[in-house]
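Comments concern the structure below.
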Amino acid sequence: MKHIISCEQFSRSSLEELFIHTDDIRNNPGKYSNSLENKVVATLFYEPSTRTRLSFEAAILRLGGKNISTENAKEASSAIKGESIEDTVRVVQGYCDAIVMRHYDKNSATAAASVATVPIFNAGAGSGEHPTQGLLDMYTIFRHKPGIDGITVAVVGDLRYGRTVHSLVKLLTLYKNITIYGLSCEALALPQEYIDYVEEHGARYFACQTFADVPADVDVIYQTRTQLERFENAGIEIKEFIIDKNVMNRFSATTLLLHPLPRNAEIASEMDDDPRALYFEQTHNGMYIRMALLDGVMNGTKPN
Ligand code: NCD
């Protein structure tokens, strides 16, 4: 794998190799501390980010690499002067050995890869995909439900613009006998292209209207933020599904609660001490997944 653009690139075996690689990095950090020696990685962010940018940059530094960064590339790079993504990549790759890019255009990662001579890591492409988040979400699920086959997952909230959901549902289909429940208001329903993808890859998808439509023994609830910044039509009517203790009491003691963060009101802070709440563990897992991806792609270390 030369670039990380979409979750469609992964097979079950490459995903499982990535988990093994990630565990090895986590357990033996010293073994990897010079993996990116003499390598420079650029982090080019055209949209706000806390976790993704800082965990990528921490991953680069922990692997012994160096980082050049523009955290506000929409205003602080030549994009504001009208430069295309392709031209920016042609220039920046002359300074570095890989580019991590987040951009508001859903086709940005594909456009970048089309001219790239260095690996491109998609760190979020508009309302399209966010593959490294999907991978860290799957890794978090794997750490708690190692078999993954046969699990049921409720994705909740903004399924239309939430790129992390788009990546997660694609990865889930790599496993057998997967059932996905989509709980959202109609305006934020999962786009048909993702429902088709899920069903064509052998998983079941059920659209839900209330929490009562989601089975009480569901294995994972994946809550998301309403992506207000992506709304094309300001008049769009939405309903949010808040998760608090009262809602979680309906679900089993083994139902995992995930969220890519940042959260607004959709998960009440009273949930933070609940052992089922894994959102802060996800953020930590993200750094290790990104270390494994950087090492894998840039050094040809498995799984790539
Ligand atoms: C997500 C994103 O940027 O898509 N954040 C993240 O990377 N953890 C989710 C969001 O912004 O709601």
(message) Accessible area per residue for the chain in Å², computed with a 1.4 Å probe and the full protein assembly in place, what is it?
(response) 42
(message) Relative to 2.2 N^0.38 Å, what does the C-alpha radius of gyration of the chain come to as a ratio? Two decimals please.
(response) 0.98
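According to the Cα gyration tensor, what semi-axes, each the square root of 5 times an eigenvalue, does the equivalent ellipsoid of the range 131-282 have, listed from largest to smallest in whole Å?
21, 19, 14
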(request) Subtract the Cα-Cα distance of Ala58 and Asp217 from 0.36 nm times their separation in residues, and report this length gain in nm to one decimal. (result) 53.6 nm
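Tally up the carbon and sulfur contribution to the accessible surface of the chain as a whole percent, 1.4 Å probe, everything protein left in place.
Values: 6140 of 12620 Å².
Exposed carbon and sulfur together represent 49 percent of the surface.
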(request) Lys and Arg at +1, Asp and Glu at -1: add these up for the other residues within a Cβ distance under 15 Å of Asp87 and post the number. (result) -1
(request) For the chain, set up a Gaussian network in which alpha carbons nearer than 10 Å are linked by springs, and say which option among Lys81, Lys170, Lys239 fluctuates the most. (result) Lys81
(message) Straight-line reach from Lys170: which lysines fall under 24 Å, measuring Cα to Cα and dropping same-chain residues less than 8 apart?
(response) Lys2, Lys106, Lys145, Lys302
(request) Taking amide H positions as placed in the peptide plane 1.01 Å from N, state which residues far from Ile243 in sequence (5 or more) or on other chains have amide H under 5 Å from it. (result) Ile267, Ala268
(request) Report the relative contact order of the chain, percent, no decimals, based on alpha-carbon pairs under 8 angstrom and at least 6 residues apart. (result) 20
(message) Name the residue from Ala58, Ser6, Ile80 whose Cα lies farthest towards the positive end of the charge dipole of the chain, charges +1 on Cβ of Lys and Arg and -1 on Cβ of Asp and Glu.
(response) Ala58
(request) For the range 131-282, calculate the relative contact order in percent as a whole number, restricting contacts to Cα pairs under 8 Å that are 6 or more residues apart. (result) 25
(message) Please list, by residue number, everything in the range 149-175 whose backbone N is under 19 Å from a paramagnetic label point 7 Å out along Cα→Cβ of Ile236.
(response) 155-169
(request) List every residue whose amide H lies under 5 Å from the amide H of Leu36, counting only residues 5 or more places away in sequence or on a different chain, with H placed 1.01 Å from N in the peptide plane. (result) Gly64, Gly65
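What net charge is computed for the residues neighbouring Ser184, neighbours being all others with C-beta under 13 Å from the C-beta of Ser184, Lys and Arg scored +1, Asp and Glu -1?
Net charge in that neighbourhood comes out at -3.
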(message) I want to check the label-to-label distance for Asp149 and Thr117. Put each point 7 Å from Cα in the C-beta direction and report it in nm to one decimal.
(response) 4.6
(request) Towards the positive end of the charge dipole of the chain, with charges on Cβ (+1 Lys, Arg; -1 Asp, Glu), say which of Met101, Leu293, Ile25 has the farthest Cα. (result) Ile25
(message) Give me the dipole magnitude in Debye, nearest 20, for the chain about the Cα centre, with unit charges on the beta carbon: positive for Lys and Arg, negative for Asp and Glu.
(response) 700
(message) With +1 assigned to the C-beta of every Lys and Arg and -1 to the C-beta of every Asp and Glu, and no other charges, what is the dipole magnitude of the range 194-272 about the Cα centre in debye, to the nearest 20?
(response) 180
(request) Evaluate the distance, in nm, between pseudo-label points positioned 7 Å from the Cα of Ala189 and of Ser14 along their respective Cα→Cβ axes. (result) 3.2
(message) I want to verify a result. In a Gaussian network model of the chain, Cα cutoff 10 Å, which of these has the top mean-square fluctuation: Ser108, Ser78, Ser167?
(response) Ser78
(request) Go through His144, Phe121, Leu228 and say which Cα lies farthest out towards the positive end of the charge dipole of the chain; charges sit on Cβ, +1 for Lys and Arg, -1 for Asp and Glu. (result) Phe121
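The values are calculated or read from the model by the stated rules, or taken from the named source; none is laboratory data. Since we're looking at a predicted model, the values are computed, not measured. All Cβ positions, glycine included, derive from the backbone under ideal geometry; neighbour counts span all protein chains shown. When the accessible area is computed, the model is the full protein with side chains, heavy atoms only, and any ligands, DNA or RNA have been set aside. Shrake-Rupley method; radii C 1.70, N 1.55, O 1.52, S 1.80 Å.
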